[in-house]
1. So if I check each of VAL183, VAL133, which one is in a helix (DSSP H, G or I), among the β-branched types (Val, Ile, Thr) and in contact with a Gly (Cβ under 6 Å, 6 or more places away or on another chain)?
2. So which residues in the range 370-381 are under 19 Å from GLY100 (Cβ atoms) and either in a helix (DSSP H, G or I) or without any contact (Cβ under 8 Å) to a residue 40 or more places away in the chain (or both), if there are any at all?
3. Please specify each residue of the range 104-117 satisfying the condition of being surrounded by fewer than 22 Cβ atoms within 10 Å (Cβ to Cβ) and in a helix (DSSP H, G or I).
4. Can you say whether ALA407 is modelled with pLDDT of 90 or more, touching a helix residue (DSSP H, G or I) at 6+ places or on another chain (Cβ under 7 Å) and farther than 28 Å from ILE79 by Cα, as far as the supplied structure shows?
5. For the range 176-199, how many residues are out of contact with any Asp or Glu (no Cβ under 6 Å at 6 or more places or on another chain), more than 30 Å from CYS138 (Cα to Cα) and not basic (Lys, Arg)?
6. Of the conditions (1) farther than 22 Å from ALA43 by Cβ; (2) outside any helix (DSSP H, G or I); (3) not polar (S, T, N, Q), LEU366 fails just one. Which one is it?
7. Report the residue count in the range 55-79 for those that are under 13 Å from the mean Cα position of the chain (by Cα) and surrounded by 24 or more Cβ atoms within 10 Å (Cβ to Cβ).
8. Can you tell me which residues in the range 64-109 are of a type in the set (Ser, Thr, Tyr) and within 24 Å of ALA231 (Cα to Cα)?
Amino acid sequence: MNENVSTADVEFTDESPESFQSREPVVPKKMLLPFVLITSCFALWGIANNMTDVLVSTFKQVMSFSTMQASLIQFAFYIAYFCMAIPAALVIQKFSYKTGVIAGLFIYASGAFLCYPAAQSLDFNFFLIAFFVFAAGCAFLETSCAPYILSMGSAETATRRINLAQAFNPIGCISGILLGKYVILANLDKTTEAEKAIMTLEQLKQIKINDLSYVVMAYVIVGIVGFAVGATILLKKFPKHHAEESFGKFSEAISRLSKNKNYMASVAIMFIYVGAQVSTWTYIIDYVMSAGIGVSDKSTASNFMIYSMILFTVSRFITTALMKAFSPATIMKALAFMAVVFASIAVFAGGMAGCIAVVGISGCMLLMFPTIYGLGLTDVGQDTKLGGSGIIMGIAGGAVFPFIQAAIIDTFKSSDTYNQQGNQAGYTVQIICFTLIAIYSVYARKVEKNLVKF
């Protein structure tokens, strides 16, 4: 997911200041090029995640869909994580991290290129297949890249190395939004529904083809980049890094993990968290356009997505500073309560206050993914890689919760052009999700106390 699987193989430890003064380089010179290439993948899946956030609004306009129909885009994208995370782990186990990354990049590029025939056919189901394949590549990348980065140097510099790599993920996220804004949204046809009502079927078809061509353009760009990076990694000779842990017998590993209450709680709350995150960003454009603040085009409304991502990125530095005095679980609890407050303002206030509150939710989220991920892998021993894949499967929450929010939006649909009442009611999903995350944070703090004293 676009935040970071930063603690994939790293447990919270009580490190002394001296441990951060190691003379070991964060990235050994011989590993510099491999590090740069694998780090670029963090940006690539960030681009993928955030480009889909603008597509729900786009397809609502282009195909004249309801919110629920358009939300199938997010369903197709994020259900791929559920389907492909464990196969990705098995590929890594049998072959290597490098194989997993290469497979992910080529699958990623293939999904992006499939948007072209989908647009030519004007078949929405074809687009859903393309987005599923595209996200399958992301699932391979997210499962492979973090542990690969950790292996590119000494264990004592692993945490700094993974955090350095993760710095490129928000860059990808912002790039994805900008591609969506300037390549897709800015070029969509401005014909009103009233004008379309008197057009011929052939004229309407040409508008769809023209609008979808910009979707294709955006995805072909990222597909070419993904393919180029994959080909470069394939041709470049890397030091071999086979998986250190063995699953042993697959069924036994599954049995051990399913009996681990802390692990299972983390998978469940990851499902809820990613669902809340994806839903928050998916409906920002529609919320802003319905808020009555004078924004009536999608390109301008997408600026609020950019503000959200900037705040999301800035919160990394704030939470990092706070962790010097407070535990991650304690900070997560406070942020979850703040998110509930922001979501409540979005639901009950609306207007500019609601728009600011929707952006504010993003400032509460960055810490959550790595904290849930890291705590979930506490004491799973030899099942770390399979366990990590299971938590990645929790990203499937991004397939479910946008659909639930869409159902609320359509149910509470108001008579105004942009459905202000429905869009405000939709953020009830965030109130519920972040309340559950706050409750989990209390439990997570108890787990955390067994690892490190704060």
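The values are calculated or read from the model by the stated rules, or taken from the named source; none is laboratory data. Nothing here was measured: the structure is a model prediction, and the numbers come from that model. With ideal geometry, Cβ positions are generated from the backbone for all residues, glycine too; neighbour counts draw on all protein chains shown.
1. Details: VAL183 fails: in contact with a Gly (Cβ under 6 Å, 6 or more places away or on another chain).
VAL133 is the lone residue from the list that is in a helix (DSSP H, G or I), among the β-branched types (Val, Ile, Thr) and in contact with a Gly (Cβ under 6 Å, 6 or more places away or on another chain).
2. Within the range 370-381, the subset under 19 Å from GLY100 (Cβ atoms) is 373, 377.
Within the range 370-381, just TYR373 meets the criteria.
3. PHE106, SER110, PHE113, TYR116, PRO117
4. Details: modelled with pLDDT of 90 or more: yes; touching a helix residue (DSSP H, G or I) at 6+ places or on another chain (Cβ under 7 Å): yes; farther than 28 Å from ILE79 by Cα: no.
Taking the combined requirement at face value, the residue does not satisfy it.
5. Let us first name the residues in the range 176-199 that are out of contact with any Asp or Glu (no Cβ under 6 Å at 6 or more places or on another chain), namely 176-187, 190-199.
Remaining after also requiring more than 30 Å from CYS138 (Cα to Cα): 190-199.
Going one step further and asking which of them are not basic (Lys, Arg), we end up with 191-195, 197-199.
Total satisfying the criteria: 8.
6. Single failed check for LEU366: (1).
7. Qualifying residue count for the region: 3.
8. Restricting attention to the range 64-109, the residues satisfying the condition of being of a type in the set (Ser, Thr, Tyr) are 64, 66-67, 71, 78, 81, 96-97, 99, 108.
TYR81, SER96, TYR97, THR99, TYR108 - these are the residues of the range 64-109 that are of a type in the set (Ser, Thr, Tyr) and within 24 Å of ALA231 (Cα to Cα).
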